[in-house]
Amino acid sequence: MTREETLRVFEGLLAAERPVNAGEADAVIWAYLDAVEGLTGQRTALAELERGVAGLDAGSAFMPILLDTLERHRARLGEPQG
């Protein structure tokens with residue numbers, strides 16, 4: 001899954017009227033990172049994804065869930081916050 005495809009899925013989740021859970025975001029992030037080789041590559045890909053998410057609908061009730069899920073992946077990859 002490409003970064004653009006991943007962001008489109010996130011846009012849909014952010015716009016959804018039904019409650020969305022962290023598992024949906026987690027599955028999309030895993031699908032995105034699965035295509036990337038190595039820890040360094042995944043860290044870079046995750047950082048790029050986070051930059052893309054920063055431009056999405058911050059007013060959505062799903063955004064805190066998405067941000068928390070991204071943070072958990074960053075922690076898993078050993079990426080320092082910031």
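Give me the residue from the stretch 10-21 that is in contact (Cβ under 8 Å) with a residue 12 or more places away in the chain and assigned to a helix (DSSP H, G or I) and, out of that set, nearest to Met63 (Cα to Cα).
Ranking the qualifying residues of the stretch 10-21, first place goes to Leu14.
Any residue in the stretch 54-64 that is acidic (Asp, Glu), surrounded by 11 or more Cβ atoms within 10 Å (Cβ to Cβ), without any contact (Cβ under 8 Å) to a residue 60 or more places away in the chain and part of a helix (DSSP H, G or I)?
No, the stretch 54-64 has no match at all.
Against the conditions (1) in a loop (DSSP other than H, G, I, E, B); (2) surrounded by 12 or more Cβ atoms within 10 Å (Cβ to Cβ), where does Glu37 fall short? Just the number, please.
So the condition that Glu37 fails would be (2).
Looking only at the stretch 27-53, how many residues end up being small (Gly, Ala, Ser) and in contact (Cβ under 8 Å) with a residue 40 or more places away in the chain?
Of the residues in the stretch 27-53, 2 are small (Gly, Ala, Ser) and in contact (Cβ under 8 Å) with a residue 40 or more places away in the chain.
Looking at Glu24, Glu71, which is the one that is surrounded by 15 or more Cβ atoms within 10 Å (Cβ to Cβ) and without any contact (Cβ under 8 Å) to a residue 12 or more places away in the chain?
Glu24
Laboratory data are not the source of any read-out in this text; all were calculated from the coordinates shown. Here the structure is a predicted model, which is why all the values come from computation and not from measurement. Cβ atoms come from the backbone with ideal geometry, glycine included; neighbour counts cover every protein chain shown.
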